[in-house]
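Novice: Would you mind keeping the following structure in view while I ask a few things?
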Amino acid sequence: MSFPAPVTRPKLFTGKRGLMLASILIVNFVVWLDSAKFSLLNPFWSTDLHLSPSQISSVTASYLLGYFPLLLLAGILADRLGAKQMLIICISGVTVLSATMAFVHTYNEMWWRNLIFGVFFGFSWAPSQRLLSVWFPGALGARATSTWMSSTLIAGVLAPAIALPLANHLSWRDAFIVVAALGVPALVMLVLFTANKPEKLRGITPEEIASIHAEHRGVEVRDKLSFRELLGALKNRSILTMIIATALATTPTWLSGPWLPYGLITLDKVNPDTVAWVSPLIAIVPVLFGLINGTLVSRFFGGRTRPWLVLGPACGAVGFLMGVLLHDSTWVLWGFFIGAFAFLCDPMFWGTVNSYWSGIARPEVTGTLNGASAAMQVAVGWVITDQSGKWIDTSVSGRGQLDTIWIVGAILFAVSIIPVLLSKEVRVHQAVAGDLEPTLPARTTDPVS
């Protein structure tokens, strides 16, 4: 009696594809570490430069002003010229701009430095997702995208341990120089181990190329698409409604960046060294969830993506509202709901929406779609972050001064659920070898069915 040979379930970090994913994760970690520590060190640079709350919000928002136009442009260029080239521009620019913080001494200099930083930062998001869509189709793509999302979140986990001790005992400028140095090995890995298509990666075997093509289920992934094809995808009603959803779904998390450390260190007078070791314990929650989000998406709700795209903003709304209710409680509990529970929205939403784009349109269009959606998200983020300094209520004491900020964020989280429900359903197909369930093609269903 013979038994069929067991089928091995593909793993994310095997073969040349694993090296490619590792290089993308490291690049994104370094880029987002630079962004995370800027907001984290708000109490230090704002004091050193003698900035008011309105100037703090203006400076923080200036990099979003440079960021959001480049998100769409970088997505289109990734689909037309190559995602790898866009990421090289990103990490090179971010590394240089991080080092230039040593020369910033006035409000105007800080504002313009952040604007230019945002321009280079904009070359990271859509090109990264474009590469993941090409290299990791189907259910494996959901796992890869969620892991990538965790690499951006883990920067926020480690930023306090890296930046706060340097700023507290040396200088906040030293923290930026240290991170600038990390950009060099990240750039080397990107050049050596990344390619726009599997066939173009040096040293990859024909067997690995064939396996990736098989996971695309017969869909030929082209290196470039015409502008007409890219714009044609935007005619789909569900794509438009989902872009609107992405404009709002994770936007409120931009408010946590400057005002969470402001509430702890400036208003609550918590020792920065204490924040440095407690904050990572809080922020690790969404990172760990991000590592399993892709598996949950493919195994629960029948592989449907829309439930996860709803649950993410719902967690964000609850987290921010709990921040309002608990503003007089212990700062650890307050920080948990604003900096951890609300941030579950990021891995749930952004870790799933790439699979949605791949299911409702060609994988090659994901750069443009991610660019358009992220550009809308950051544009709204720029508006609310720029205005948020005016929402501080100095007539009350302590962390209660920030309540209006969290209420506005909770409303945006909740409103984003509406366009998600108006979008067609997409299921991720089980293209991962070794799954016992019958394989299903990626498909869309009408929302009312």
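Novice: When you check Leu132 against the structure, is it open to solvent by 10 Å² or more (accessible area, probe 1.4 Å) and either not in a helix (DSSP H, G or I) or not hydroxyl-bearing (Ser, Thr, Tyr) (or both), yes or no?
Specialist: Criteria not met by Leu132.
Novice: Do any helices (runs of 4 or more DSSP H) lying entirely in the stretch 1-119 carry at least 2 residues that are open to solvent by 60 Å² or more (accessible area, probe 1.4 Å) and of a type in the set (Val, Ile, Thr), and which ones are they?
Specialist: Of the helices (runs of 4 or more DSSP H) lying wholly inside the stretch 1-119, those with at least 2 residues that are open to solvent by 60 Å² or more (accessible area, probe 1.4 Å) and of a type in the set (Val, Ile, Thr) span 83-99.
Novice: If you don't mind, there's one more thing I want to ask. Would you please name the residue that is farthest from Ser124 (Cα to Cα), looking only at residues in the stretch 175-192 that are in contact with a Lys or Arg (Cβ under 9 Å, 6 or more places away or on another chain) and open to solvent by less than 60 Å² (accessible area, probe 1.4 Å)?
Specialist: Ala175
Novice: Between a residue in the stretch 407-420 that is among the polar types (S, T, N, Q) and any residue that is open to solvent by less than 10 Å² (accessible area, probe 1.4 Å), which pairs come within a Cβ distance under 6 Å, given they are 6 or more apart or on different chains?
Specialist: Taking only residues 6 or more apart or on different chains, the pairs are Ser416/Ala245; Ser416/Ala249; Ser416/Pro313.
Novice: Kindly indicate which of Leu369, Leu333, Leu311 is open to solvent by less than 20 Å² (accessible area, probe 1.4 Å) and either assigned to a helix (DSSP H, G or I) or in contact (Cβ under 8 Å) with a residue 12 or more places away in the chain (or both).
Specialist: From the options Leu369, Leu333, Leu311, the qualifying one is Leu369.
Novice: Examine the stretch 143-151 for a residue that is under 21 Å from Pro127 (Cα atoms) and either at pLDDT 85 or above or surrounded by fewer than 19 Cβ atoms within 10 Å (Cβ to Cβ) (or both), and state whether such a residue exists.
Specialist: No, that holds for no residue.
Novice: What about Ala245, is it at negative phi, touching a Cys at 6+ places or on another chain (Cβ under 9 Å) and modelled with pLDDT of 85 or more?
Specialist: no
Novice: Any idea which of (1) in a helix (DSSP H, G or I); (2) at pLDDT 85 or above; (3) surrounded by fewer than 24 Cβ atoms within 10 Å (Cβ to Cβ) is the one Lys269 doesn't satisfy?
Specialist: (1)
Novice: Inspect the stretch 388-404 for any residue being touching a His at 6+ places or on another chain (Cβ under 8 Å) and closer than 22 Å to Leu311 by Cα and give the result as yes or no.
Specialist: No, the stretch 388-404 contains no residue that is touching a His at 6+ places or on another chain (Cβ under 8 Å) and closer than 22 Å to Leu311 by Cα.
The values are calculated or read from the model by the stated rules, or taken from the named source; none is laboratory data. No experiment lies behind these values; they were computed from the predicted model shown. Glycine also receives a Cβ, built like all others from the backbone with ideal geometry; neighbour counts cover every protein chain displayed. These area figures cover heavy atoms from the full protein model, side chains too; ligands, DNA and RNA do not enter into them. Shrake-Rupley method; radii C 1.70, N 1.55, O 1.52, S 1.80 Å.
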